[in-house]
Amino acid sequence: MSTPSTATQSPIQIRKKVIAGNWKMNKTAGEGVSLTREILDEVGRETQVDIVLCPPFTALESVGHALEGQAVKLGAQNMHPEKNGAFTGEVSAEMLRTLYVTHVILGHSERRQYFAETDEFINRKVLAALANQLRPILCVGETLAEREAGSTLAVVQRQLEGALAGVKPEQLTTVIVAYEPVWAIGTGKVATTAQAQEVHAFIRELLSKLYAPALAQKVRILYGGSMKPANAPELLAQPDIDGGLIGGAALESRSFVELVKAALAAS
Ligand code: PEP
């Protein structure tokens, strides 16, 4: 059970850090199981940090079996909002649940950019995930052009308000938000701690206004965008950065485990 929020508590006491690995379109089922076993050997019983592995759909079942009895959670990288039907190539929340998936990445910038996902469509997915007891990892973030135009906060606000439309106050803390500046994803360019903290604080402030300050204090807000063992300690020390959504560094056990250890050290 989470500790109640009070003005005197530090954020660290009320928000468990999350390290989530987004494998994207990498790893066969067999490769995924090998990577999972290597991670489990090091941090499989770790409960002080929430660890989530998000393999491609084709590896969910095998990785899920490898995770049985462990504290590490299974996440999907996408889902369709409808329950079933003529949606070739898509999978539903219910299908994910039968594979013991607990988390689902929604609104990733690669889905927005390459698959034309809109805030409205992402919102439908968020509501469907919550209705099916899946925890959305909701990604928001600006492109380089948007940052250079000075519209970072407006973009993040539009994406967040759009995705959360109709999410009830009692559902809010089930949502994990990931701030991922698009220009930092897979580029090796990491946002400075000041840039990241500014947007994270803005997101929490916005959640306070949309819901309530006490609820906003409980929402985990992850940073994503070239997070690596070298830059993680400084990012994770920021008051509003509650973990990381990791791409490249999640594909190798050593770097992923180091990131989990950095989150532990910052907890
Ligand atoms: C991501 O795609 O969610 C991501 C953060 O990727 P990377 O860590 O490779 O920048």
Fill in: Checking residue 177 against (1) over 19 Å from residue 20 (Cα atoms); (2) within 16 Å of the ligand (Cβ to nearest atom); (3) not in a helix (DSSP H, G or I), the condition it does not meet
(1)
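For (1) away from the ligand (no atom under 16 Å from the Cβ); (2) under 24 Å from residue 185 (Cα atoms); (3) touching a Phe, Trp or Tyr at 6+ places or on another chain (Cβ under 6 Å), each residue gets a yes or a no:
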site: 83; (1), (2), (3): yes, no, no
site: 94; (1), (2), (3): yes, no, no
site: 105; (1), (2), (3): no, yes, no
site: 110; (1), (2), (3): no, yes, no
site: 119; (1), (2), (3): yes, yes, no
site: 122; (1), (2), (3): no, yes, no
Worksheet, complete the sentence: Residues in segment 231-263 that are among the acidic types (Asp, Glu) and part of a helix (DSSP H, G or I) total 2
Worksheet entry | Filtered residues of segment 248-267 (kept if within 22 Å of residue 183 (Cα to Cα) and surrounded by fewer than 22 Cβ atoms within 10 Å (Cβ to Cβ)) | 248, 249, 251, 255
Item to complete: Would you please name the residue that is nearest to the ligand (Cβ to nearest atom), looking only at residues in segment 198-230 that are over 20 Å from residue 174 (Cα atoms) and surrounded by fewer than 20 Cβ atoms within 10 Å (Cβ to Cβ)?
Response: 228
Discussion item. Going by what's in this entry, would residue 46 be described as of a type in the set (D, E, K, R) and either touching a strand residue (DSSP E or B) at 6+ places or on another chain (Cβ under 6 Å) or part of a loop (DSSP other than H, G, I, E, B) (or both)?
Written reply: yes
Worksheet, complete the sentence: When every residue in segment 136-152 that is open to solvent by 60 Å² or more (accessible area, probe 1.4 Å) and away from the ligand (no atom under 16 Å from the Cβ) is compared, the one nearest to residue 205 (Cα to Cα) is 150
Practice prompt. Kindly provide the set of residues from segment 235-258 that are under 13 Å from residue 222 (Cα atoms), among the aliphatic types (A, V, I, L, M) and within 15 Å of the ligand (Cβ to nearest atom), ordered by number.
Written response: 235, 236, 241, 245, 246
Worksheet item: Exactly one of (1) open to solvent by 90 Å² or more (accessible area, probe 1.4 Å); (2) touching a Ser or Thr at 6+ places or on another chain (Cβ under 8 Å); (3) not small (Gly, Ala, Ser) is unmet by residue 68. Its number?
Response: (2)
Worksheet item: Condition test on residue 263, is it more than 14 Å from the ligand (Cβ to nearest atom) and more than 25 Å from residue 133 (Cα to Cα)?
Response: yes
Worksheet item: Give me the pairs: first residue in segment 232-253 and under 13 Å from residue 16 (Cα atoms), second residue aromatic (Phe, Trp, Tyr) and within 12 Å of the ligand (Cβ to nearest atom), beta-carbon distance under 7 Å, and six or more apart or on different chains, which are they?
Response: 241/223; 244/223
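Residues checked against (1) touching a Pro at 6+ places or on another chain (Cβ under 8 Å); (2) small (Gly, Ala, Ser); (3) open to solvent by 50 Å² or more (accessible area, probe 1.4 Å):
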position	(1), (2), (3)
84	no, no, yes
94	no, no, yes
107	no, yes, no
120	no, no, yes
134	no, no, no
Worksheet, complete the sentence: Cβ pairs under 8 Å, 6+ apart or interchain, first in segment 155-184 and closer than 18 Å to residue 111 by Cα, second among the aromatic types (Phe, Trp, Tyr), ordered by first then second residue, are 156/179; 156/202; 178/223; 179/223; 180/223
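The values are calculated or read from the model by the stated rules, or taken from the named source; none is laboratory data. Fair warning: this is a prediction, and the values are worked out from it, not measured in the lab. Note: ideal-geometry Cβ built from the backbone for every residue, glycine included; neighbour counts use all protein chains shown. When the accessible area is computed, the model is the full protein with side chains, heavy atoms only, and any ligands, DNA or RNA have been set aside. Shrake-Rupley method; radii C 1.70, N 1.55, O 1.52, S 1.80 Å.
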